[in-house]
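Below you'll find the structure, written out as structure tokens, and then a few comments.
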Protein chains: 2
Amino acid sequence: MRQSTYLAPTMRDVPADADAISHKLMLRAGMMRQIASGVYAYLPLAKRSMAKIETIIREELDAIGAQELTLPALHPAELWQQSGRWEAMGDELVRLKDRHNRDFALGPTHEEVITSLIKDGIASYKKLPLNVYQIQTKFRDERRPRFGLLRGREFIMKDAYSFHDTEESLNETYWAMHKAYSRIFTRVGLTFRPVIADSGAMGGKDTHEFMALASVGEDTVAYSDQSDYAANLEMASSARPTPPASQTHGQLEKQATPDAKTVNDAAEQLGLEADDILKALVVVIAEEVNLLLLRGNDELNEVKALHELGATSLRMATEEEVLQAFGATPGSIGPVGVSDIPIYADYRIQAMDKIACGANETGVHYVHVGPGRDYQVTAYKDLRTVQAGDPSPDGQGTLQFAEGIEIGQVFKLGTRYSESLDAKFLDANGKAQPFLMGCYGIGVSRTIAAVIEQHHDENGIVWPNEVAPFHVHLLALNVKNDEQKALSEKLYELIRSKGMDVLYDDRPERAGVKFKDSDLIGLPVRIAVGKRAAEEIVEVKVRKTGEQLELTVPELASWLSEFFTK
Amino acid sequence: MRQSTYLAPTMRDVPADADAISHKLMLRAGMMRQIASGVYAYLPLAKRSMAKIETIIREELDAIGAQELTLPALHPAELWQQSGRWEAMGDELVRLKDRHNRDFALGPTHEEVITSLIKDGIASYKKLPLNVYQIQTKFRDERRPRFGLLRGREFIMKDAYSFHDTEESLNETYWAMHKAYSRIFTRVGLTFRPVIADSGAMGGKDTHEFMALASVGEDTVAYSDQSDYAANLEMASSARPTPPASQTHGQLEKQATPDAKTVNDAAEQLGLEADDILKALVVVIAEEVNLLLLRGNDELNEVKALHELGATSLRMATEEEVLQAFGATPGSIGPVGVSDIPIYADYRIQAMDKIACGANETGVHYVHVGPGRDYQVTAYKDLRTVQAGDPSPDGQGTLQFAEGIEIGQVFKLGTRYSESLDAKFLDANGKAQPFLMGCYGIGVSRTIAAVIEQHHDENGIVWPNEVAPFHVHLLALNVKNDEQKALSEKLYELIRSKGMDVLYDDRPERAGVKFKDSDLIGLPVRIAVGKRAAEEIVEVKVRKTGEQLELTVPELASWLSEFFTK
């Protein structure tokens, strides 16, 4: 493609609200422009990279038998009302009325539409399993669009849905998709982790998010430095401590802690470490008060607590509720003497040596507390937010934290949608059963931004070969020089004839401008036709390594084919 | 692809509201399903054909230097307000408000968005011409969605926009696109005509519509049976008649036509043919009364009249206005004695031998009217709707009528959008000029329906090779027979290894069901593995011709490769 008439309007300065590196670089390299907040035009360079990503996705999904289709963006409200998400999605769901005043949603995802389609299209277990996908524009009215393509209101996704008659079949497709995703993101050139994620309010079961590690992510990933273990911070566990073989505790004793409102206050007044104190939190689950115990330095992880306690929601008790249940203010409560309230203690408490805790008497703590002797717990649970340096739960290595960009997710939905939309098939016994379902997403536009977050330097983008908009950037350094122009034209034909994509800078610009734009756009190989054109010698630069070499035309052809096949 | 788990739910009966052959066949063949009125899901068979059409479009547009990009579906209302189409589009424009109560349109087309993008992206004539395109979902809230994909509310289009500094450059791209469209529709397998169309309210100049000839079209095409001439009925002309060398007329004479309300009434009372009477129509253009004259059997073509008279709108005068201007009721008016009202006569009047007309006296006509002697016309114009059998305006052949489906359009927009959106470039003299623009559309989803309208028989679809969802339909007639099953599996691998797409009917169904579904889905070649499987002999049927032959496996491979390359 000739750059003189190519729509890639590079720019030196970017708008102040461009807040992520990928966003800035895509604007500067002329890859995208904003049309409205969170709504972008993808210019030809971006479109080319996205098309390559989409081809990789199609190849890997087709290889495992997934079938491509296209579902509409306009969804009748009735389907979303049946699933309950017309209400649940709130302001994030883009809504509109047609000329007959009928309500529609613009699809942010397609569980409702595909379930209603399959309900009418598949009657028997004999047609299962089914795995369908589409690559399509989605809409989500984000409260705060930001980071360019990382959190937009209109974006491109690959979404897939699978339908099954048995858990085994669902499981098989789930892991086939998990593996396909790993192949896709590897080919795209991303450093990523499939992480254990929260199935949350979707009502599903297993779920993994594929996180590209980056400096700009909206999520924190905890991962082992020596194994595959990785989880979103909200779901991460650490290895359970081994309780001491035997513990001796002194005589239970009260000490005044008159103004202790926090664990740290108490620790100071008792002359102990915060980690020696039981942090006692009162939470209300299904109208019932529960006491949660953590080590003093630990923080409650509400997502994990919900899973561990089998609850769907949880709130902290009010000061009044605490007073009524424990007879003391929140800073002075503890498990000693509590018998009619469930007590859940984090596993890390099992490793405590000395223990102090509130005495359920405002301004008073117990010291020399003996677990089992002075209090009983209902059960030990995994309640805390892990910290960097914790031992990995699989016993291999310690946990590290990284920011992550969610680029994909695989999700076992179970019967969440087939039941609410009454989508059933007849099993081998002729009995109607709701479909078991999985859903699987990849953020296509987000993936391109994640690639740039991971592949850039101070001069611009550094494209991985497989998703670069073009393979080669050919620069005619001085288009007014006949020899340079002629050799450039010759190479433009030659390299394309080898099946490589070439962006050919034939603009009447200075060499300096061309070099700068070339670094910014960041194609894998730059070929500059300059002063040695008469000798048919060109200068080749590898964008990633900075390696530079001079090659004759015959050398160039073989060098290129080797570079792009290795 | 194995049909046992392929999502192609064929059906015997279609909904009563499926009103076009393509709509019925796509439903019956399991290619599409309705999600809401005018809103469809494209199932895998349809998606495959559409992908092939899209590939053909990309190849032909890339070959002439067009650049692919992707513009958003969400358009800020401001852009449409600037162009004036926020009002002009009326109920057809899908509108919505975001969570901040800001107005958006869902793009039915992208002139506004691309013009605003280019306004900021291109500053100089040096970057011109530019030709960009996208393939994307569009939205148009049709008052009456019908004919399945032929008139939907959500549909897939290829739209392209070109930007130029000179008329010559616009003209060059216009014709390059025109030729590319002809190549595209030829490859897709359509019988079509590029027809002269009305540029209408878009404010542009030249425009051609590409019409697929069909029995279900919403437009009528008039075309020559001996030349390339073709035009929408609303724009079609016939050859101008040669006026008689000399005419003699008798004495102007009044005759009573007491109850004549129509031309036919008058003809009967005068003992003349309708074509001997001047049909006199009074129209109001820009608040002024005008008299239009046609031969008695001709009908006014309002679209042509607007063009010929340089008007933007026109309405028929009320009876009161006619009375006031001519002193008679509409059935009795004519040009004789009219001096202060412009008179435009259709060219066909020049060939009239005898002439009668209303005498501007209710219930009275003149006979023996002499043009030039008894009345003067302001100008002769092309005002009538052509009729089948008229001589073609290029002098070659006569006009025939056909129904047409508009599958594409090329359009010279001129500065319609660049002026309203203030999009300018600097020309070679450093002077700011509005871009000259062209726009070019192809209805991708409509094209697939048009292909089926042209390619089907009583048993189902008859796909052209290039856009068939699969090349080959392989039927294992009895999957319980080990030899048939084994040979089918072997052929499934073998044919795919030759680079052909295969739909493999491995379902446990009766042979009769498989043959019926195979005819319905209509892939170019059917290979049935049946009773002679043990001898490695299969039965091949060409869907289009019905030709059937028995081939051994080695013969099959070479027959297939010959069939698909010829």
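The values are calculated or read from the model by the stated rules, or taken from the named source; none is laboratory data. Worth saying up front: this structure is predicted, and the values here are computed from it rather than measured. Note that each Cβ is placed from the backbone with ideal geometry, even for glycine, and that neighbours are counted across all protein chains shown.
Tabulated values for the structure
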{"read-out": "A:L170 vs. criteria assigned to a loop (DSSP other than H, G, I, E, B), at negative phi and of a type outside the set (K, R)", "value": "no"}
{"read-out": "Filter result for the condition that a residue is surrounded by fewer than 24 Cβ atoms within 10 Å (Cβ to Cβ), touching a residue at least 24 places away in the same chain (Cβ under 8 Å) and more than 10 Å from chain B (Cβ to nearest Cβ), over A:R144, A:R187", "value": "A:R187"}
{"read-out": "Verdict on A:K304 being touching a helix residue (DSSP H, G or I) at 6+ places or on another chain (Cβ under 8 Å) and part of a helix (DSSP H, G or I)", "value": "yes"}
{"read-out": "Within the stretch A:508-561, strands (runs of 3 or more DSSP E) holding 3 or more residues that are touching a residue at least 24 places away in the same chain (Cβ under 8 Å)", "value": "A:525-529"}
{"read-out": "Output for the stretch B:341-376, where each listed residue is assigned to a strand (DSSP E or B) and either under 35 Å from the mean Cα position of the chain (by Cα) or surrounded by fewer than 24 Cβ atoms within 10 Å (Cβ to Cβ) (or both)", "value": "B:I343, B:Y344, B:A345, B:D346, B:V364, B:V367, B:P371, B:Y375"}
{"read-out": "Among the residues listed as A:D506, A:D519, the single one being of a type in the set (D, E, K, R) and within 14 Å of chain B (Cβ to nearest Cβ)", "value": "A:D506"}
{"read-out": "Answer from A:Q409, A:Q433 - the residue that is touching a residue at least 12 places away in the same chain (Cβ under 8 Å), out of contact with any Leu (no Cβ under 7 Å at 6 or more places or on another chain), closer than 24 Å to A:L233 by Cα and among the polar types (S, T, N, Q)", "value": "A:Q409"}
{"read-out": "Candidates B:A476, B:A423, B:A449, filtered to the one that is within 30 Å of B:P108 (Cα to Cα) and over 21 Å from the mean Cα position of the chain (by Cα)", "value": "B:A423"}
{"read-out": "Selection within the stretch A:67-113 - at the interface with chain B (Cβ under 8 Å from one of its Cβ atoms) and under 23 Å from A:S162 (Cβ atoms)", "value": "A:Q67, A:E68, A:L69, A:T70, A:L71, A:P72, A:A73, A:H75, A:V113"}
{"read-out": "Test set (1) without any contact (Cβ under 8 Å) to a residue 60 or more places away in the chain; (2) of a type in the set (S, T, N, Q); (3) buried (at least 18 other Cβ atoms within 10 Å of the Cβ) - A:Q81 fails condition number", "value": "(3)"}
{"read-out": "Residues being under 19 Å from B:L213 (Cα atoms) and surrounded by fewer than 17 Cβ atoms within 10 Å (Cβ to Cβ) - total across the stretch B:6-23", "value": "1"}
{"read-out": "Criterion violated by A:D517 - all others in (1) touching a Ser or Thr at 6+ places or on another chain (Cβ under 8 Å); (2) at pLDDT below 95; (3) not polar (S, T, N, Q) satisfied", "value": "(2)"}
{"read-out": "Restricting the stretch A:1-55 to residues that are basic (K, R) and at the interface with another protein chain (Cβ under 9 Å from one of its Cβ atoms), the residue that is nearest to B:I118 (Cα to Cα)", "value": "A:R33"}
{"read-out": "Number of positions in the stretch A:121-132 that are more than 9 Å from every other protein chain (Cβ to nearest Cβ) and assigned to a strand (DSSP E or B)", "value": "1"}
{"read-out": "Hits in the stretch B:437-481 (condition: outside the structural domain of B:L25 (by TED's automatic domain parsing) and basic (K, R))", "value": "B:K480"}
{"read-out": "Verdict on B:I442 being surrounded by 16 or more Cβ atoms within 10 Å (Cβ to Cβ) and part of a helix (DSSP H, G or I)", "value": "no"}
{"read-out": "Residue in the stretch B:85-92 that is without any contact (Cβ under 8 Å) to a residue 60 or more places away in the chain, crowded, with 20+ Cβ neighbours inside 10 Å, in the same structural domain as B:D17 (by TED's automatic domain parsing) and touching a helix residue (DSSP H, G or I) at 6+ places or on another chain (Cβ under 9 Å) present", "value": "no"}
{"read-out": "Test: residue in the stretch B:497-506 that is within 18 Å of B:V553 (Cα to Cα), over 40 Å from the mean Cα position of the chain (by Cα), part of a helix (DSSP H, G or I) and assigned by TED's automatic domain parsing to the domain that holds B:L560", "value": "no"}
{"read-out": "All positions within the stretch B:323-336 that are closer than 16 Å to B:T257 by Cβ and touching a strand residue (DSSP E or B) at 6+ places or on another chain (Cβ under 6 Å)", "value": "B:S332, B:I333, B:G334, B:V336"}
{"read-out": "Some residue of the stretch A:266-277 being out of contact with any His (no Cβ under 9 Å at 6 or more places or on another chain), within 21 Å of A:V377 (Cβ to Cβ) and assigned to a strand (DSSP E or B)", "value": "no"}
{"read-out": "Residue among B:I118, B:I135, B:I156 that alone is within 13 Å of chain A (Cβ to nearest Cβ), part of a helix (DSSP H, G or I) and β-branched (V, I, T)", "value": "B:I118"}
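Each row is one residue, and each column tells you yes or no for (1) out of contact with any Asp or Glu (no Cβ under 6 Å at 6 or more places or on another chain); (2) among the β-branched types (V, I, T).
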site	(1), (2)
B:A328	no, no
B:S332	yes, no
B:Y344	yes, no
B:N360	yes, no
B:Y375	yes, no
B:V386	yes, yes
B:E406	no, no
